[in-house]
Amino acid sequence: MSMAPARAPWYRRALHALRCSLKLRMVLVFLLLAMAMSFTFISGAQKAFSVGWREAARPLLMDYVDRLAAEVSGGGGVPSTERARAITQRLPLTIDITGPQVNWRSHPEQERPRWLRDRPRGFGREDAGDGDGAGWGDDQDWQQLLQRTTADGHRIEFGLNEAAFERRPKLIGYTLTALLVLTLLAYLYVRRLLRPLDDIRQGALRFGAGEFGQPIPVRHPKGPDELGELAATINTMGQDIHQMLEAQRALLLAISHELRSPLTRARLNTELLPETEEIAPQREALLRDLSEMARLISDLLESERLAGRHAALHREPTDAAALAREVIDELAATQPAAQGIALHAASGLPAIALDRIRVRLLLRNLLGNALRHGGGAAQPVELHVRPWAVGHGIELEVRDHGPGVPDDQLPHLGQPFFRPDTARTRSAGGVGLGLYLCRLVAQAHGGTFSVRNARPGLAVTVVLPGAT
């Protein structure tokens, strides 16, 4: 029973997405830059605003606290809790009264202010003379600001009412929401700016697949930006490549057509030679070479037809197993080694719409290639015909038991005129068009072509979906 691959943790997926996404990295850079600028601006503004603030605010605060203390004590008498309560209802303050007659706290549920419990950072002696206005002096100076003692020995302490700032979490939530919205808007804007990159990538993939009919769209063609200029340059490059490929294809087709007539005349003249014992060997050798040249020209013409954007296929209901048996019998009539090909066809294969001529060419090339490179092995060449596992179609696999192909050359199999082992192919024949034609036939049917080392031997798998 196959186990599903373990899914990577979310943070690894996030890091991978960040590394692979230019949009996310740009938004992250913008956010970090905005945070750094905000921190620098706020810190600088605070420093600039605090210069001289202590000296300017101290007398105002002391005078205001004196007035509040006088109002609570009624001008120097016993502090009145009613007047103190009226002040706390009017202002966001806390008042603590301790003394011989009155001990009262306006907000007993709140702790005493931090600056009255201990010596907080920035309010201690170490900041008394720092010169930057960040502190208010030592504890005695702070007590002079917010504490008053009446004539009858009562001490009145003033502080801030924390309940008045209960909206702070909501404000923080609103701020975070605004930041998230701004981040989302920045990401959408960056995504819109970089959308031409997606179009360029898709266009490059189309050009790489040989589809030059649809150019890359250029935003604002009259006044394009840098990405628009890049898209226009790639379109020009694609048109140049398309023209070169078409010129090469036209030249190849013209040469192939022109070679057919002299080859036909040469074959006719060779067949008219007298069949004497001295001339017969040279005559047979010439006929074999001419047949090989004619087959090469036919393969070139067929490859150019199949390599076109719209390869014309003549599909008809086909029994793949019966077609495979016919190809094996045809090969066996000319190659005795083909009689040992082992055909493994699944039972109950449905008839699917295929181009019989092209599939016959595919099977003949695959089996011929396997016989050339693995026919001398102890085990026979195998041909497997089975239904496609993921859809309506068939899967063909041809395997030999020869020496195989170096792993680094496997990706190049199926390219025109590629021969992985020159010593081997020179002795066995072939010019490197057989597997190329097989790949074109598979692609024309909308299928796939893959090659792997079966150890021993080489296995070529072709998937041919049925017509929809």
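The values are calculated or read from the model by the stated rules, or taken from the named source; none is laboratory data. Everything quoted here is computed from the prediction, not taken from an experiment. So basically every Cβ, Gly included, is an ideal-geometry build from the backbone, and we count neighbours across all protein chains shown.
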* To do: Please list, ordered by first then second residue, the pairs with beta carbon atoms under 7 Å, 6 or more apart or interchain, first in the range 184-198 and surrounded by 14 or more Cβ atoms within 10 Å (Cβ to Cβ), second charged (D, E, K, R).
  => Y187/K23; V190/K23; R191/K23; L194/K23; P196/R219
* **From the options T276, T270, residue that is surrounded by 11 or more Cβ atoms within 10 Å (Cβ to Cβ), assigned by TED's automatic domain parsing to the domain that holds E302 and of a type in the set (S, T, Y)** => T270
* When you look at E316, is it outside any helix (DSSP H, G or I) and farther than 19 Å from N365 by Cβ, yes or no? -> yes
* Asked: Of all residues in the range 267-282, how many are farther than 24 Å from G434 by Cβ, touching a helix residue (DSSP H, G or I) at 6+ places or on another chain (Cβ under 6 Å) and in a helix (DSSP H, G or I)?
  -> 1
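Does I216 fit the bill of being more than 30 Å from E284 (Cα to Cα), in the same structural domain as S298 (by TED's automatic domain parsing), at pLDDT 80 or above and part of a helix (DSSP H, G or I)?
The answer is no for I216.
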* Mind checking which strands (runs of 3 or more DSSP E) fall wholly inside the range 332-415 and carry at least 3 residues that are in contact with a strand residue (DSSP E or B) (Cβ under 7 Å, 6 or more places away or on another chain), over 21 Å from D299 (Cα atoms) and assigned by TED's automatic domain parsing to the domain that holds R452? => 342-345, 382-387, 393-399
* Asked: Looking at this structure, is A204 in contact (Cβ under 8 Å) with a residue 24 or more places away in the chain and in a helix (DSSP H, G or I)?
  -> yes
* Quick one: would you say A232 is surrounded by 15 or more Cβ atoms within 10 Å (Cβ to Cβ) and without any contact (Cβ under 8 Å) to a residue 24 or more places away in the chain? -> yes
* **Test: Q147 is in the same structural domain as M62 (by TED's automatic domain parsing), at pLDDT 55 or above, under 22 Å from V78 (Cβ atoms) and of a type in the set (S, T, N, Q)** => yes
* Any hit, the range 297-320, residues being touching a Pro at 6+ places or on another chain (Cβ under 8 Å) and surrounded by 14 or more Cβ atoms within 10 Å (Cβ to Cβ) -> yes
* Out of the range 18-43, which residues are modelled with pLDDT under 75 and either farther than 21 Å from V181 by Cβ or of a type outside the set (G, A, S) (or both)? -> L18, R19, C20, L22, K23
* **Test: E302 is closer than 27 Å to L371 by Cα, at pLDDT 80 or above and of a type in the set (D, E)** => no
